[in-house]
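The values are calculated or read from the model by the stated rules, or taken from the named source; none is laboratory data. What you see is a predicted model; the values in this text were computed from it and never measured. Neighbour counts run over all protein chains shown; Cβ positions are idealised from the backbone, glycine included. With ligands, DNA and RNA removed, areas are computed over all heavy atoms of the protein, side chains included. Shrake-Rupley method; radii C 1.70, N 1.55, O 1.52, S 1.80 Å.
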Amino acid sequence: MSTPSLSALPIRRLTPRDLASCADLSEDRGWPREEHKWGLLLSAGTGYGIDDPDGNGLIGAYVVTQYGPQERPGLAAIGMVLVAERYARRGIGRRLMQYAVEAAATIPLTLHATPNGRPLYEQLGFKAIGRAEMVSGRFDPAGPLPDIATRSATAEDLTAILRLDTEVFGHDRTHVITRLPAFTDQLRVAEADGEIIGYAGAWPNMETHVVGPLIARDTETAKALIASLGTRTDRPLRTDIDVRHEELLAWVKESGLASVAFNSVMAYGISELPGDCTRRFAPLTVAAG
């Protein structure tokens, strides 16, 4: 029996039962398995993949997370675009991305691209609209901390967090934010005059705690939230900060985090991301926009 051509292999929707296969695919490409993150993405978003005709798991996958009204999303983020090493450079990644673009129809798309992935996305019509810098390391705050009150978030804070998040992100993402209490090890808010002016989570990723999302009224509030998370964990911190937030990047580097990599923020169908970039400091994960 002849093996079907790669272009004839069907692209199917993934389910939470595919989590181990997705983690295997990450590991195959030299990425961490990141099962915790895959679990969130496969529940809050929709995964798509191609099965290996030889029965060896997945040969390619990606996840799309939509935001805004379910019947009429205003933005979709593409992430975790992966192709098994044994099938690399054979058009699988391009086919998956073309499928994603066609399936989105008129929904604007965004993604974070590595330097290696950016040329393919540009060929498909994505434009670079920004940059994010990944930083990681043991957090040891530099200088006095901002005099801004922070505390653990409670269930009663959820309405205020959702209101602030929608205002800053530009689209409703209730289906993601409501999963944060279970997904994060810490979820904290910053307050002023009885009002929530920022919030941030820290979630486990291999040996680190990833700080994200990080939404804050200003840089000092962002610093206070990072410090409140970093001083309550014995793991190194990692986060991806919009490079326009130069003061915050300088401060985290003075506080022990070092630059790891830069990703291009890219978009298709829009010239800039919605919301308020001055208060959007770091994403939940680059895979979800």
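Things worth noting here:
- Only residues that are in contact (Cβ under 8 Å) with a residue 60 or more places away in the chain and under 13 Å from Ala113 (Cβ atoms) were counted across the range 79-100, and they come to 2.
- Restricted to the range 200-225, and to residues there that are open to solvent by 20 Å² or more (accessible area, probe 1.4 Å) and of a type outside the set (S, T, N, Q), the residue that is farthest from the chain's Cα centre (by Cα) is Glu220.
- Those residues of the range 41-77 which are of a type in the set (A, V, I, L, M), crowded, with 23+ Cβ neighbours inside 10 Å and within 15 Å of Val176 (Cα to Cα), in sequence order: Leu41, Val63, Val64, Leu75, Ala76, Ala77
- Members of the range 168-199 found to be among the hydrophobic types (A, V, I, L, M, F, W, C) and surrounded by fewer than 18 Cβ atoms within 10 Å (Cβ to Cβ), listed by number: Ala182, Ala192
- Answer residue from the range 109-145, given it is β-branched (Val, Ile, Thr) and closer than 30 Å to Asp234 by Cα and is surrounded by the most Cβ atoms within 10 Å (Cβ to Cβ) among those: Val135
- Any pair with Cβ under 8 angstrom, 6 or more apart, that starts in the range 262-289 at a residue that is closer than 16 Å to Val168 by Cα and ends at one that is part of a strand (DSSP E or B) and hydroxyl-bearing (Ser, Thr, Tyr): Leu273/Thr110; Ala282/Thr239; Ala288/Thr65; Gly289/Thr65; Gly289/Tyr67; Gly289/Thr110
- Qualifying residue in the range 252-266 (condition: closer than 21 Å to Gly68 by Cα, open to solvent by 10 Å² or more (accessible area, probe 1.4 Å) and basic (Lys, Arg)): no
- Boolean, Val135 is farther than 15 Å from Arg280 by Cβ and within 16 Å of the chain's Cα centre (by Cα): yes
- Positions within the range 78-94 being open to solvent by less than 60 Å² (accessible area, probe 1.4 Å) and more than 15 Å from Thr46 (Cβ to Cβ), in sequence order: Leu82, Val83, Ala84, Tyr87, Ala88, Gly91, Ile92, Gly93
- Looking across the range 158-167, just one residue is surrounded by fewer than 19 Cβ atoms within 10 Å (Cβ to Cβ) and touching a strand residue (DSSP E or B) at 6+ places or on another chain (Cβ under 6 Å), and that is Ala160.
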